[in-house]
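Visitor: The following block contains the structure, expressed as structure tokens.
The values are calculated or read from the model by the stated rules, or taken from the named source; none is laboratory data. This one's a predicted model, so the numbers in the text were calculated from it and none came from an experiment. For neighbour counting, all protein chains shown are included, and Cβ atoms are generated from backbone atoms with ideal geometry for every residue, glycine included. Just so you know, the surface numbers come from the protein's heavy atoms only, side chains and all, with ligands and any DNA or RNA stripped out. Shrake-Rupley method; radii C 1.70, N 1.55, O 1.52, S 1.80 Å.
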Amino acid sequence: MARAISNKRKAINTMAAWSLGLLIFFPILWIAILSFKTEIDAIKGPLDVLSATWTLESYSAVQERSDYLKHFTNSVIISLGSTLLGLLIAIPAAWAMAFVPARRTKDVLMWMLSTKMLPPVGVLIPIYLIFRDTGLLDTRIGLVLVLMLINLPIIIWMLYTYFREIPGEILEAARMDGASLGKEVLYVLTPMAIPGMASTVLLNIILSWNEAFWTLNLTAAKAAPLTAFIASYSSPEGLFYAKLSAASIMAIAPILIMGWFSQKQLVRGLTFGAVK
């Protein structure tokens with residue numbers, strides 16, 4: 001009897017999970033459907049849209065109008081560059097907070113996290129003026145720096161959490177064996193925290209890839225990533241739904257594919273240290 005109840009509950013949980021998953025995924029599915037329709041068909045009712053002719057016209061028009069490869073390359077360089085630069089700064093910072101005794105560690109962590117609560121528009125003008133005067137406006141380097149800085153608190157927080165799960169005795173043993181500080185971090189700490197670091201890298205790449213506010217305000221043409229590529233299809237003349245959907249699918253497809261193949265690593269890293 002207990003087994004029947006357990007199976008019933010399992011079936012209900014499975015159905016609820018699938019329903020929630022389909023609800024979350026439906027907007028992406030509908031965008032994908034609209035991308036294969038003409039502009040006239042895209043503004044029709046849902047049933048008319050589904051029954052309309054499927055075509056690659058929107059994808060061809062997007063490719064002819066915009067240089068997708070250029071925007072894609074900019075997105076890759078900006079997201080990877082900001083992630084790697086953030087790791088170079090965050091690993092020593094998280095190590096110091098996790099293993100060096102200090103009274104104000106939690107206060108510093110809360111202060112860093114509080115910077116994420118500031119609306120970006122509140123600092124847009126000073127950052128824009130700094131970028132304009134230093135020649136960083138509409139450059140990949142400028143976007144790498146600003147995206148690294150806005151995501152750095154999250155990187156440090158995540159790495160700090162993972163590093164705290166590593167026993168300090170292991171590092172002490174490495175020091176007794178003559179390991180220097182650099183070797184301790186590089187050859188002992190980093191390999192043990194690879195699952196957590198991998199999830200941190202993946203999450204930061206996703207955040208950088210999807211960042212729209214700074215990329216739209218600090219770029220024009222040269223360093224414009226895929227977020228600017230999508231925004232170009234919203235104009236004063238109106239929204240081109242089919243072309244906008246095609247551009248959106250072309251922009252999110254790489255990150256969706258990466259997330260699909262790395263989901264096990266991402267889940268493993270996010271649950272790192274949760275079960276002992």
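Visitor: Name every residue in the stretch 1-50 that is closer than 19 Å to ALA246 by Cα, more than 27 Å from the chain's Cα centre (by Cα) and either modelled with pLDDT of 90 or more or not charged (D, E, K, R) (or both), in order of residue number.
Guide: LYS37, THR38, ILE40, ALA42, ILE43, GLY45, PRO46, VAL49, LEU50
Visitor: Can you confirm whether ILE31 is in contact (Cβ under 8 Å) with a residue 60 or more places away in the chain and within 22 Å of SER232 (Cα to Cα)?
Guide: When the stated conditions are applied, ILE31 passes them.
Visitor: Hey, can you tell me all the residues within the stretch 41-60 that are open to solvent by 90 Å² or more (accessible area, probe 1.4 Å), in contact (Cβ under 8 Å) with a residue 60 or more places away in the chain and charged (D, E, K, R)?
Guide: Scanning the stretch 41-60 gives a single hit, GLU57.
Visitor: Just checking: which of the helices (runs of 4 or more DSSP H) contained wholly in the stretch 169-249 hold 3 or more residues that are crowded, with 18+ Cβ neighbours inside 10 Å, of a type outside the set (Gly, Ala, Ser) and under 18 Å from the mean Cα position of the chain (by Cα)?
Guide: So the answer is 194-210, 226-231.
Visitor: Another one. When only residues in the stretch 77-100 that are part of a helix (DSSP H, G or I) and free of Cβ contacts under 8 Å to residues at least 24 places away in the same chain count, which is nearest to the chain's Cα centre (by Cα)?
Guide: Filtering the stretch 77-100 for residues that are part of a helix (DSSP H, G or I) and free of Cβ contacts under 8 Å to residues at least 24 places away in the same chain, the one nearest to the chain's Cα centre (by Cα) comes out as LEU84.
Visitor: Can I ask one more? Could you list, in sequence order, the residues of the stretch 95-119 that are closer than 28 Å to ALA212 by Cβ and surrounded by 14 or more Cβ atoms within 10 Å (Cβ to Cβ)?
Guide: Once the filter is applied, which keeps residues that are closer than 28 Å to ALA212 by Cβ and surrounded by 14 or more Cβ atoms within 10 Å (Cβ to Cβ), the stretch 95-119 yields LEU109, MET112.
Visitor: What's the number of the condition GLN63 fails, among (1) without any contact (Cβ under 8 Å) to a residue 12 or more places away in the chain; (2) farther than 30 Å from ILE155 by Cβ; (3) loosely packed, with under 11 Cβ neighbours inside 10 Å?
Guide: All conditions are met except number (3).
Visitor: Can you pull out every residue in the stretch 151-168 that is touching a helix residue (DSSP H, G or I) at 6+ places or on another chain (Cβ under 7 Å) and either without any contact (Cβ under 8 Å) to a residue 12 or more places away in the chain or open to solvent by less than 40 Å² (accessible area, probe 1.4 Å) (or both)?
Guide: Of everything in the stretch 151-168, those that are touching a helix residue (DSSP H, G or I) at 6+ places or on another chain (Cβ under 7 Å) and either without any contact (Cβ under 8 Å) to a residue 12 or more places away in the chain or open to solvent by less than 40 Å² (accessible area, probe 1.4 Å) (or both) turn out to be ASN151, LEU152, PRO153, ILE155, ILE156, MET158, LEU159, TYR160, TYR162, PHE163, ILE166, GLY168.
Visitor: Could you pull out the residue among LEU147, LEU129 that is within 28 Å of ALA220 (Cα to Cα) and more than 26 Å from the chain's Cα centre (by Cα)?
Guide: LEU129
Visitor: Looking at (1) of a type outside the set (S, T, N, Q); (2) in contact with a Ser or Thr (Cβ under 9 Å, 6 or more places away or on another chain); (3) open to solvent by less than 50 Å² (accessible area, probe 1.4 Å), can you tell me which one TYR68 breaks?
Guide: Of the numbered conditions (1) of a type outside the set (S, T, N, Q); (2) in contact with a Ser or Thr (Cβ under 9 Å, 6 or more places away or on another chain); (3) open to solvent by less than 50 Å² (accessible area, probe 1.4 Å), the odd one out for TYR68 is (2).
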